[in-house]
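Visitor: My structure is below; once you've seen it, I'll send some questions.
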Amino acid sequence: MLFVDGFAIEAVAFDMDGLMFDTERLANTLWVAAGVESGWNLSLELLNSLAGQPESSDRRVLRETYGDSFPYDTLRARRLALEAEYFRNHEVPLKPGLIALLDFFQAWKIPMGVATSTARYRVLPLLRKADIIDRFASILCGDEVTNVKPDPEIYLRTAERLGVAPGNCLVLEDSRAGIAAAHAARAIPVMVPDLLGPDGAALRQAARVFGSLHEARGWLARAAIFSRKLRDS
């Protein structure tokens with residue numbers, strides 16, 4: 001158990017895209033590429049603003065912006081094909097500090113889980129390619145829950161799988177929707193923003209906001225000194 005800022009951390013849940021992997025930028029760049037192929041000039045700024053939102057929101061916003069004739073499903077399928085092709089030839093871009101943070105939790109014997117809105121058929125190959133899949137005791141994906149973020153379901157179920165109460169589960173998230181989900185689950189939300197910084201709601205809901213995984217690890221490592229003294233006393 002790790003004591004930090006009045007919280008007793010017994011497990012940790014990681015979001016994937018934008019938190020562990022620098023894949024949100026890639027996905028949006030490929031959205032633009034797919035659009036160009038079909039004659040659609042998609043706004044990268046608009047795509048970035050959708051970070052962390054459920055697919056239904058992406059579909060609605062893009063059709064509201066580009067009209068009912070916008071071929072969302074066709075372009076999304078093409079974007080996913082371009083993504084699969086990319087990862088056949090490239091390594092998974094890890095966020096700086098990820099491996100050191102995973103090592104930290106393993107050293108403290110704190111079980112880790114993945115809680116991502118991405119579908120399982122896309123998640124497992126990336127975790128394997130990054131050679132971190134064996135680090136996680138639980139992997140729960142967006143196509144395995146009834147309600148996606150910002151609903152708390154994915155974090156309630158992840159905490160249960162990891163064998164802890166939600167209030168003892170640290171959640172590391174990059175998106176506003178993810179922080180809202182963790183807060184609603186009564187977990188311990190910590191935000192490491194990627195494409196979008198925290199809005200007012202996220203600032204109220206997050207226990208902490210850090211600029212990088214390195215910063216988050218530093219916060220935990222400082223707390224570990226106190227926790228170790230308690231454990232050894």
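Visitor: Is any residue of the range 5-28 close enough, with backbone N under 13 Å, to a label point placed 7 angstrom from the Cα of residue 80 along the Cα-Cβ axis, and if so, which?
Guide: No residue qualifies, since no backbone N sits under 13 Å from the label point.
Visitor: If you don't mind, another one. Which angle from 0 to 90°, rounded to the nearest 10, does the C-alpha axis of helix 213-232 make with the longest principal axis of the chain?
Guide: With rounding to tens, the tilt is 20 degrees.
Visitor: Residue 23: net charge of surrounding residues, Cβ under 9 Å, Lys/Arg +1, Asp/Glu -1, itself excluded? Provide the component values of the computation, followed by the final result.
Guide: On the way: positive: 25; negative: 17, 22, 24, 83.
Residues close to residue 23 contribute a combined charge of -3.
Visitor: Given contacts defined as C-alpha pairs under 8 Å and at least six residues apart, what's the relative contact order of the range 97-233, whole-number percent?
Guide: Over the range 97-233, the number comes to 19 percent.
Visitor: Between the helical axis of 153-162 and the dominant principal axis of the chain, each derived from Cα atoms, what acute angle in degrees is found, rounded to the nearest 10?
Guide: It is inclined by approximately 40 degrees.
Visitor: What ranking do 66-75, 183-192, 130-139 get when scored by the average of other Cβ atoms within 10 Å per residue, highest first?
Guide: 183-192, 130-139, 66-75
Visitor: In nm, to one decimal, how far is the residue 133 label point from the residue 32 one, both placed 7 Å along Cα→Cβ?
Guide: The two pseudo-label positions are separated by 3.2 nm.
Visitor: Multiply the residue gap between residue 58 and residue 223 by 0.36 nm, knock off their C-alpha separation, and tell me the result in nm, one decimal place. Kindly include the intermediate steps, with their values, before the conclusion.
Guide: Working: separation 165, 0.36 × 165 = 59.40 nm, distance 3.88 nm.
Answer, rounded to one decimal: 55.5 nm.
Visitor: What relative contact order, as a whole-number percentage, does the chain give when Cα pairs under 8 Å and 6 or more residues apart are counted?
Guide: Relative contact order here is 27 percent.
Visitor: In whole percent, what relative contact order does the range 91-159 give with Cα contacts below 8 Å and a gap of six or more residues?
Guide: Over the range 91-159, the number comes to 34 percent.
Visitor: Taking N as the number of residues in the range 24-89, what is its Cα Rg relative to 2.2 N^0.38 Å? Intermediate results must be reported in sequence, preceding the final value.
Guide: Details: Rg = 11.2 Å, N = 66, 2.2 N^0.38 = 10.8 Å.
Output field value: 1.04.
Visitor: Averaged over every viewing direction, what's the projected area of the C-alpha convex hull for the chain? Give it in nm², one decimal, please.
Guide: Mean projected area for the chain: 12.4 nm², to one decimal.
Visitor: Give the total of Lys-Lys pairs in the chain with Cα-Cα distances below 26 Å; include a pair only if its members are 8 or more places apart or on different chains.
Guide: Here the count comes out as 6.
Taken together, the values in this text are just the output of simple stated rules run on the coordinates, not laboratory data. Computed from a prediction, not measured in an experiment: that's the story for all the values here. Please note: Cβ atoms are built from the backbone with ideal geometry, for glycine as well, and neighbour counts cover all protein chains shown.
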